[in-house]
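Below you'll find the structure, written out as structure tokens, and then a few comments.
The values are calculated or read from the model by the stated rules, or taken from the named source; none is laboratory data. Note that the structure is predicted; figures quoted are calculated from it, not measured. Cβ atoms come from the backbone with ideal geometry, glycine included; neighbour counts cover every protein chain shown.
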Amino acid sequence: MNRSEDKTKGENLVNYFSVAGKHHEYKKENNQDAFLYRQEDEYFAMALADGVSACKYSKEGAMIVCEAVV
């Protein structure tokens, strides 16, 4: 398929979901996953980080990693 036939050109669709595990459900805690994406012109970057649930600031750490990468 050449670019003139590409019907998705200029359209972006990003789906993301995160599911808390049984340990998180038992302790009534949210998961610590973080997700971030960015597009500039024809470039697209995406990062996903899994926080370490045993750490106090794991959610914040996961987001810092995503921000550093993207």
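The residue of the stretch 38-60 that is farthest from VAL70 (Cα to Cα), among those that are over 14 Å from the mean Cα position of the chain (by Cα) and among the charged types (D, E, K, R), is LYS56. Against the numbered list (1) in contact with a strand residue (DSSP E or B) (Cβ under 8 Å, 6 or more places away or on another chain); (2) in a helix (DSSP H, G or I); (3) not polar (S, T, N, Q), ILE64 comes up short only at (1).
Identify all residues within the stretch 32-47 that are outside any strand (DSSP E or B) and either modelled with pLDDT of 90 or more or loosely packed, with under 13 Cβ neighbours inside 10 Å (or both); write none if there are none. Correct list: ASP41, GLU42. Count of the stretch 48-64 residues, restricted to those that are hydrophobic (A, V, I, L, M, F, W, C) and loosely packed, with under 15 Cβ neighbours inside 10 Å, is 4. Can you tell me how many residues in the stretch 25-48 are under 17 Å from VAL14 (Cα atoms) and out of contact with any Gly (no Cβ under 8 Å at 6 or more places or on another chain)? Counting residues in the stretch 25-48 that are under 17 Å from VAL14 (Cα atoms) and out of contact with any Gly (no Cβ under 8 Å at 6 or more places or on another chain) gives 14.
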